[in-house]
1. Starting from the Kirkwood radius over alpha-carbon pairs of the range 211-291, derive D by Stokes-Einstein at 4 °C in a medium of 1.567 mPa s and give it in µm² s⁻¹.
2. Please give me, ordered by residue number, the trypsin sites (Lys or Arg not before Pro) of the range 132-229 that lie in loop per DSSP and have at most 12 other Cβ atoms within 10 Å.
3. Give me the dipole magnitude in Debye, nearest 20, for the chain about the Cα centre, with unit charges on the beta carbon: positive for Lys and Arg, negative for Asp and Glu.
4. DSSP loop (so not H, G, I, E, B), at most 13 other Cβ within 10 Å: list which GluC sites (Glu not before Pro) in the range 198-287 pass both filters.
5. Counting only residues 5 or more places away or on other chains, whose amide H sits under 5 Å from the amide H of V130 once H atoms are built in the peptide plane?
6. For an R0 of 30 angstrom, estimate the FRET efficiency from the Cβ-Cβ distance between N111 and D214 and round to the nearest 0.05.
7. Counting Lys +1, Arg +1, Asp -1, Glu -1, what net charge surrounds Y28 among other residues with beta carbon under 11 Å of its beta carbon?
8. Using θ = phi - 60° and the Karplus curve 6.51 cos²θ - 1.76 cosθ + 1.60, what whole-Hz ³J(HN,Hα) does each residue of the range 350-364 get, with Gly and Pro shown as x?
Amino acid sequence: MLHTNLSVNSENHLTIAGQDTVTLAKTYGTPLMVMDEDRVRQNFRVYRDAMNQYFGGASRPLFASKALSCKYIYRLAGEESVGIDLVSSGELYTAVAAGFDVREAFFHGNNKTDGDIAYAMDCGVGHFVVDNLTELDRIDEEAGRRGVTQAVLLRLSPGIDPHTHAAITTGQVDSKFGIAIETGQADEAVAYTLNKKHIRLDGFHCHIGSQIFDITPFCDAAKLMIAYVAGVKNKFGYDTEILNLGGGFGVRYIKSQPILDYADFIRRIAAFIDEEVARSGIKKPTILMEPGRSIVADSCLTLYTVGGTKEIPGFKNYVSVDGGMPDNPRYALYQADYTVCLASRAKATPDFLCTVAGRCCESGDILQENVPLPKPERGDILAVLVTGAYNYSMASNYNRIPRPAVVAVKDGTVTPVIRRESFEDLIRNDL
Ligand SMILES: *Cc1c(COP(=O)(O)O)cnc(C)c1O
């Protein structure tokens, strides 16, 4: 199986964390997202322990909560003593509602509104990661008005190409994110920030992209950022306290991709950082990283009920399910890879090649193409694997389709963590 939490039981049903997915689908309805809580906790711990051991000091992971934002996940993050990063007031509101200590939160985004800035300060968010100087002015003003000093990092774009999909690349100079080092704008921003009365500059951030399977881009980014930190020390006499290298570790969605050993990744990146720090003679900053996808993706799968199957002789076969782009827009957005299997007959011969389509009025509403399945029949349960990241958090109500329910499984018990949206929910804001 693709991941160790997946298996097939004696009834020929797919299981996750030992739970029969067909039983779950019958009990809770479909589409249904099922999360393996132990897997999420284990992923948190792998990063937490490895970063503590290899980066040392106060180093810790910040869960990039845009990958999955709901009260349940912020509660787990709090219980596992990891920080979070946020991109919006809505994510912040959710974290606060979950009782998360948002002093451990970093507020990102390339366009924080005045409302975001004020609300984040109301909540006591620990750090803003500043994307541009107009935003910095607003944060300084707001902090001044409140008589407080706000800690910030500056987000820099280091000019790194991580060789991943263009839609999920973020660290090049031509990007909507961050302040470019190459153009000299980063230096100007540092000088500007150090002169702000109500701002404390704690350091720098970069994030190079997502779904990266190799440590080289991370080391390239670290090298550039450490050189930058050394340059800033020379030019401004400024010691960087925090160096946040972002997220982006790859996840196995399909068999041809590896399962990464994240602890070993951290160990190797840490060794590289130590060499660069020693070479440059700077005081070693606290190193932070922001895994999102690799915390939640492999803990989850999505279950659907098969509806019609359409065979077009000489062309292809379509299998339609009762969800699609409303709960998982990632294939429609950027042809994301997924493994699809027939959960209700998991070991039957996959001799029917098909396109798995959603139920929306949109030809692009596809979950995956060229999928070999046992020929599905109406009522079969179909599973899309590794859907924990950027699925529920990207979900919409297109065609007025309610968002799915999410349940967590742990030690043989099932706990609903997000209720299925009702039709009433759909019209709640309609006047
Ligand atoms: C999206 C994002 C992350 C997380 O990336 P993953 O690929 O999910 O690990 C981390 N930091 C920032 C700033 C991001 O935008």
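The values are calculated or read from the model by the stated rules, or taken from the named source; none is laboratory data. These numbers come from a predicted model, not from an experiment. With ideal geometry, Cβ positions are generated from the backbone for all residues, glycine too; neighbour counts draw on all protein chains shown. Surface areas here come from the heavy atoms of the whole protein model, side chains and all, with no ligands, DNA or RNA. Shrake-Rupley method; radii C 1.70, N 1.55, O 1.52, S 1.80 Å.
1. Details: Rh = 13.6 Å.
Translational diffusion coefficient: 95 µm²/s.
2. When the trypsin sites (Lys or Arg not before Pro) of the range 132-229 are filtered for loop state and at most 12 Cβ neighbours within 10 Å, K176, K197 remain.
3. 380
4. Taking the range 198-287 and a limit of 13 other Cβ atoms within 10 Å, no loop GluC sites (Glu not before Pro) are found.
5. L153, L154, R155
6. That pair, N111 with D214, gives E of 0.45.
7. +3
8. For the range 350-364, the Karplus-derived couplings read x, 9, 10, 8, 8, 9, 8, 10, x, 9, 7, 7, 6, 4, x Hz, x marking Gly and Pro.
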